Amino acid sequence: MNRETKITIAALLLVFIFFTGLAFSLFTLPFVNLPAEYDYRVIYEIDGELPQNITLILPVPYFEGEVARLRPPPGVNVSYVEAEYGEMLKVTITVSSEIDRMHMLRIAHFTSHEGTIDVVKVNATLSPLLQKELQSRKETKDGFSEIYRIKVPVYAEFDGNASIEILYNVDSGFQALPFFFLPLPWEPKYGWKPYIGHKSLKFRIISKGWQVVEGEETIRIVYQRMF
């Protein structure tokens, strides 16, 4: 076998390896990439029977300056009311078998498989938000976390004994680029480092009537390396 033939075979082999790796990476990306999403949830923690005749007045969830996409499930009515603190969300719940089983329902929800959310910079918040105070910040080689104490006004009325947690959660999602047999982490990024992470605002209602409750706003991200 002469030198030119060896070079041709080697070149064809490299081309074959390249396109095989590229095709494999493209095939595996749907299983690697994660959707970005947010949701605003009501979660029951039951002490006895499931609460009945539930009326809540809650802060409005905002995402990038706009009201989050409200998608109440059947048996849940959502409207806006003017309160002492400004515009708020009134939620009335008729308990259904689905809610009985899950003890959780989503008031607002959005999922994107085509883009990611930079949870470090995203403008995702609740309004009214009466107080936000940094409690801790921890950074390591693997990522970082921030925890804030928040205070929000709420109203609650229901029959029965229960505590109700309200959670606004935003997940960053994750996108990769194909590189031979390994998808390379790509976005979102903090500085130059790709990451996955989430931002959440949560508080708990344990009594009835108008009240100002404390909660937490948390940001957590984990840097991603080559798989």
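The values are calculated or read from the model by the stated rules, or taken from the named source; none is laboratory data. Keep in mind it's a predicted model, so treat the numbers as computed, not measured. No Cβ is skipped: glycine too gets one built from the backbone with ideal geometry, and neighbour counts run over all protein chains shown. In case anyone asks, the SASA skips ligands and DNA or RNA and just uses the protein heavy atoms, side chains included. Shrake-Rupley method; radii C 1.70, N 1.55, O 1.52, S 1.80 Å.
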- Task: Give the residues of segment 113-153 that are part of a loop (DSSP other than H, G, I, E, B), within 17 Å of residue 62 (Cβ to Cβ) and polar (S, T, N, Q), sorted by residue number.
- Result: 123
- Task: Could you please give the count of residues in segment 126-147 that are open to solvent by 80 Å² or more (accessible area, probe 1.4 Å) and at pLDDT below 95?
- Result: 2
- Any hit, segment 174-187, residues being part of a strand (DSSP E or B) and either among the β-branched types (Val, Ile, Thr) or at pLDDT 90 or above (or both): no
- Message: With the structure loaded, tell me whether residue 105 is touching a helix residue (DSSP H, G or I) at 6+ places or on another chain (Cβ under 8 Å), farther than 30 Å from residue 186 by Cβ and crowded, with 17+ Cβ neighbours inside 10 Å or whether it fails that test.
- Response: yes
- Message: Suppose we filter 207, 200, 163 for residues that are more than 27 Å from residue 52 (Cβ to Cβ) and either aliphatic (A, V, I, L, M) or out of contact with any helix residue (DSSP H, G or I) (no Cβ under 9 Å at 6 or more places or on another chain) (or both); which single one remains?
- Response: 200
- Task: Give segment 194-227 a look and list any residue that's in a strand (DSSP E or B) and open to solvent by 60 Å² or more (accessible area, probe 1.4 Å), or say none.
- Result: 202, 204, 210, 212, 214, 216, 220, 222
